[in-house]
1. Considering only the stretch 229-246, state which residues are more than 18 Å from Glu211 (Cα to Cα) and either among the charged types (D, E, K, R) or at pLDDT 95 or above (or both).
2. Which residues, taken from the stretch 101-111, are out of contact with any Asp or Glu (no Cβ under 8 Å at 6 or more places or on another chain) and either surrounded by fewer than 19 Cβ atoms within 10 Å (Cβ to Cβ) or not in a loop (DSSP other than H, G, I, E, B) (or both)?
3. Looking at the stretch 112-129 only, could you name the residues that are surrounded by fewer than 20 Cβ atoms within 10 Å (Cβ to Cβ) and under 20 Å from the mean Cα position of the chain (by Cα)?
4. Has the stretch 298-310 got any residue that is assigned to a helix (DSSP H, G or I), modelled with pLDDT under 95, surrounded by 21 or more Cβ atoms within 10 Å (Cβ to Cβ) and out of contact with any Pro (no Cβ under 6 Å at 6 or more places or on another chain)?
5. Any residue in the stretch 308-333 that is at negative phi sitting within a Cβ distance under 7 Å of a residue that is loosely packed, with under 15 Cβ neighbours inside 10 Å and assigned to a helix (DSSP H, G or I)? List the pairs, counting only those 6 or more apart or interchain.
6. Pull up the stretch 42-62, narrow it to residues that are of a type outside the set (A, V, I, L, M, F, W, C) and part of a strand (DSSP E or B), then point me to the one that is nearest to the chain's Cα centre (by Cα).
7. Of the residues that make up the stretch 80-100, is at least one under 19 Å from the mean Cα position of the chain (by Cα) and crowded, with 22+ Cβ neighbours inside 10 Å?
8. Can you give me the number of residues within the stretch 139-186 that are buried (at least 21 other Cβ atoms within 10 Å of the Cβ) and in a helix (DSSP H, G or I)?
Amino acid sequence: MDLLNTLVDKGLRRETPTREEALAVLATSDDDLLDVVAAAGKVRRHWFGRRVKLNYLVNLKSGLCPEDCSYCSQRLGSTAGILKYTWLKPDQASEAAAAGLAGGAKRVCLVASGRGPTDRDVDRVSDTIKAIKDRHEDVEVCACLGLLSDGQAERLRAAGADAYNHNLNTSEATYGDITTTHTYADRVDTVHKAHAAGLSACSGLIAGMGERDEDLVDVVFALRELDPDSVPVNFLIPFEGTPLAKEWNLTPQRCLRILAMVRFVCPDVEVRIAGGREVHLRSLQPLALHLANSIFLGDYLTSEGQAGKADLEMIADAGFEVEGADEVTLPEHRAAAGGGGCGSDAQKAGCGSHAGGGVCGTSEASAPAEPRTDLVAVRRRGAGTDLAPNA
């Protein structure tokens with residue numbers, strides 16, 4: 001297929017595809033799916049080999065968020081039966097992180113619900129970062145605390161944070177449809193603040209919220225312009241008790257096309273399969289490793305993932321290998337660019353679509369199956385509970 005040959009050539013040269021090419025990937029037929037995966041896999045292997053970076057989430061504060069993000073089980077007005085607890089103490093968070101690190105995780109992501117941190121919250125998280133790094137000197141720590149105020153990114157970097165996550169989630173044109181308590185521009189501003197402070201920027205999207213192909217392409221091109229080091233791709237987990245509970249729009253094939261499109265647009269960036277992979281990719285998860293070079297190990301913030309042991313077995317069975325703590329995640333040109341490549345020496349120092357014109361959703365592509373609500377499990381273990389984590 002000429003489209004895929006063109007996209008591979010561009011990916012190996014770090015050249016941006018056209019919007020039309022990105023849309024064409026999303027519109028490919030199921031008959032062409034393995035060709036799409038193979039093509040994007042060439043780009044993935046060129047820049048990242050067969051390494052898979054493992055990340056581990058620690059939810060420092062769960063629920064009771066004043067924001068109204070429609071996709072979130074922790075949102076204002078959510079009736080989802082999730083765990084609700086206030087800030088974990090530094091030693092509790094460090095203990096939780098240790099479980100993921102023991103399973104092979106290289107990065108710990110410290111997440112807290114809320115609009116954004118107060119200065120006291122930044123102090124809390126700074127103490128937590130110190131507690132984790134006192135026990136695990138080489139671990140990467142990424143903070144995800146919401147919208148940042150002036151000076152807070154710098155304080156997190158001084159405390160030892162390596163990265164900051166703040167997702168764009170969806171296109172600017174549709175952002176107001178999913179959230180009204182802050183703006184798309186607010187999110188972009190926080191990513192800029194992280195960059196300016198020398199933190200490695202992490203910013204991604206959520207697919208499956210009823211968006212159009214054009215919206216997915218818009219947000220991925222916006223992410224390319226922001227130039228984060230890592231791009232997490234979340235697939236909506238339709239929690240009962242949230243406005244998007246009935247949005248079951250994804251098939252495993254659609255998820256693979258989305259990941260392939262992200263890889264083609266962001267060829268040399270850490271693409272991470274994040275929330276919802278077990279729910280929507282299901283038995284096709286191993287194929288996604290040919291597209292993404294990073295996953296979360298074990299459970300998520302408010303939902304349960306597959307067992308960490310199963311993740312490790314899946315990686316090995318698919319012919320991939322877990323990235324070691326001493327390996328540099330990003331390609332040399334990104335790690336040396338001063339932007340804080342994940343695992344680079346600079347960062348450790350504190351830097352932080354159908355080819356023939358078919359349309360997605362035609363008879364050539366899979367239609368979403370019946371909702372699999374049985375696959376959505378509220379997290380009842382790990383941080384904030386008395387039960388061991390699933391790591």
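The values are calculated or read from the model by the stated rules, or taken from the named source; none is laboratory data. Predicted model only: the values in this text are computed from it and were never measured. Cβ placement follows ideal geometry from the backbone for every residue including glycine, while neighbour counts extend to all protein chains displayed.
1. Within the stretch 229-246, Asp229, Ser230, Val231, Glu240 meet the criteria.
2. Once the filter is applied, which keeps residues that are out of contact with any Asp or Glu (no Cβ under 8 Å at 6 or more places or on another chain) and either surrounded by fewer than 19 Cβ atoms within 10 Å (Cβ to Cβ) or not in a loop (DSSP other than H, G, I, E, B) (or both), the stretch 101-111 yields Leu101, Ala102, Cys109, Leu110, Val111.
3. Across the stretch 112-129, the qualifying residues are Gly114, Arg115, Gly116.
4. Yes: the stretch 298-310 contains one or more residues that are assigned to a helix (DSSP H, G or I), modelled with pLDDT under 95, surrounded by 21 or more Cβ atoms within 10 Å (Cβ to Cβ) and out of contact with any Pro (no Cβ under 6 Å at 6 or more places or on another chain).
5. That search, which allows pairs on different chains as well, returns Met314/Pro286; Asp317/Pro286; Ala318/Pro286.
6. The qualifying residue nearest to the chain's Cα centre (by Cα) is Asn55.
7. Checked against the condition, which is being under 19 Å from the mean Cα position of the chain (by Cα) and crowded, with 22+ Cβ neighbours inside 10 Å, the stretch 80-100 yields at least one hit.
8. Residues flagged as buried (at least 21 other Cβ atoms within 10 Å of the Cβ) and in a helix (DSSP H, G or I) within the stretch 139-186 amount to 4.
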